[in-house]
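The values are calculated or read from the model by the stated rules, or taken from the named source; none is laboratory data. Being a predicted model, the structure only gives us computed values, none of them experimental. In this analysis, Cβ positions are derived from the backbone assuming ideal geometry, glycine residues included, and neighbour counts consider all displayed protein chains.
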Amino acid sequence: MAVECVKSPLRVVLADVNAEVVESWRAAFADTPEIEIHKGSILDQHVDAWVSPTNSRGRMDGGVDAVIKRHLGAGIQLRVQRAIRDQFGGSLPVGSAVCVPSGAVNPKFLISTPTMVQSVQNVSETLNVALACAAAFQAVHVQNEKEPGSVESVALVGMGAATGGVPPRVCANLMWTGYTLFNDYYFRDYDDLRKTIREQLDDIESRPEEERVRITPPESTGSRR
């Protein structure tokens, strides 16, 4: 069920070492000046939660995942995989996420959300970036519902833009879709989130690369608040 979201302050930082991704973000988020955009490592961002694109098994053996594991220590992978096992039976579907304590002061939490099933997979012809980004923000909702105010700031990288092979402009536009969905709605479960995104973005391949799509869950999917 999708519920209209009562907005609460959340500082959102987008950080990536890829200059093309950064410039694509600046174009996609031009009308959302509250978003902070930086060229550089996510490790330099002082926020409550980092978002790491992962695979369905939570194996942090490549890309940003590997960088974060080196920084936070091997225990972070164990916590991520334990959460995947406990909450999703050992395999995290694309369009879902887990939020675990990082074991550090900065950040307090790591949100892991898969952009791909396997550790290395081209997802440039999929909706995975929108699904992963929306799921990451959904995880913020879930964590704050469990512990109010525990995540007031979050940092994300270019989802799928490295290992996943997603073109920077497409990555930026799909991340904008995920962010606006977070601002507008809160889903009671990840199944409904995935269903809503897939239904409305099913024809995304036929649309211009520069087009942004704002998702509006049907009235029948839930009540407003």
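Name the residues in the range 153-178 that are out of contact with any strand residue (DSSP E or B) (no Cβ under 7 Å at 6 or more places or on another chain), outside any loop (DSSP other than H, G, I, E, B) and not aliphatic (A, V, I, L, M), would you?
Listed by number, the residues that qualify are Pro168, Arg169, Cys171, Asn173, Trp176, Thr177, Gly178.
Output the qualifying pairs, or none if there are none: Cβ atoms under 6 angstrom, residues six or more apart or on different chains, first residue in the range 1-21 and basic (Lys, Arg), second residue part of a strand (DSSP E or B) and modelled with pLDDT of 95 or more.
Arg11/Ser153
Just checking, which of Val12, Val51, Val22, Val47 is in a loop (DSSP other than H, G, I, E, B) and modelled with pLDDT of 95 or more?
Val47
At pLDDT 95 or above, under 17 Å from the mean Cα position of the chain (by Cα) and under 19 Å from Arg194 (Cβ atoms): is that true of Val98 in this structure?
Considered against the rule, which asks whether it is at pLDDT 95 or above, under 17 Å from the mean Cα position of the chain (by Cα) and under 19 Å from Arg194 (Cβ atoms), Val98 comes out as yes.
Being modelled with pLDDT under 95 and part of a helix (DSSP H, G or I) is true for just one of Val129, Val120. Which residue is that?
The match here is Val129.
Just for the range 44-69: of the residues that are farther than 17 Å from Val129 by Cα and among the acidic types (Asp, Glu), which one is surrounded by the fewest Cβ atoms within 10 Å (Cβ to Cβ)?
Asp44
Quickly run through the range 81-99 and pick out the residues that are part of a loop (DSSP other than H, G, I, E, B) and surrounded by 14 or more Cβ atoms within 10 Å (Cβ to Cβ).
Ser91, Leu92, Pro93, Gly95, Ala97, listed by residue number.
To keep it simple, each residue is scored yes or no on (1) buried (at least 17 other Cβ atoms within 10 Å of the Cβ); (2) without any contact (Cβ under 8 Å) to a residue 40 or more places away in the chain.
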{"site": "Ser112", "(1), (2)": "yes, no"}
{"site": "Ala135", "(1), (2)": "yes, no"}
{"site": "Ser150", "(1), (2)": "no, no"}
{"site": "Val154", "(1), (2)": "yes, no"}
{"site": "Gln200", "(1), (2)": "yes, yes"}
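Is it the case that some residue within the range 146-161 is at pLDDT below 85, within 14 Å of Val129 (Cα to Cα), small (Gly, Ala, Ser) and in contact with a helix residue (DSSP H, G or I) (Cβ under 8 Å, 6 or more places away or on another chain)?
Yes: the range 146-161 contains one or more residues that are at pLDDT below 85, within 14 Å of Val129 (Cα to Cα), small (Gly, Ala, Ser) and in contact with a helix residue (DSSP H, G or I) (Cβ under 8 Å, 6 or more places away or on another chain).
Could we say that Ile37 is surrounded by 15 or more Cβ atoms within 10 Å (Cβ to Cβ), touching a strand residue (DSSP E or B) at 6+ places or on another chain (Cβ under 6 Å), in a strand (DSSP E or B) and hydrophobic (A, V, I, L, M, F, W, C) here?
Against the criterion (surrounded by 15 or more Cβ atoms within 10 Å (Cβ to Cβ), touching a strand residue (DSSP E or B) at 6+ places or on another chain (Cβ under 6 Å), in a strand (DSSP E or B) and hydrophobic (A, V, I, L, M, F, W, C)), Ile37 qualifies.
Identify the residue in the range 183-197 that is surrounded by fewer than 24 Cβ atoms within 10 Å (Cβ to Cβ) and at pLDDT 85 or above and, among all such residues, is nearest to Ala136 (Cα to Cα).
In this case the residue turns out to be Tyr190.
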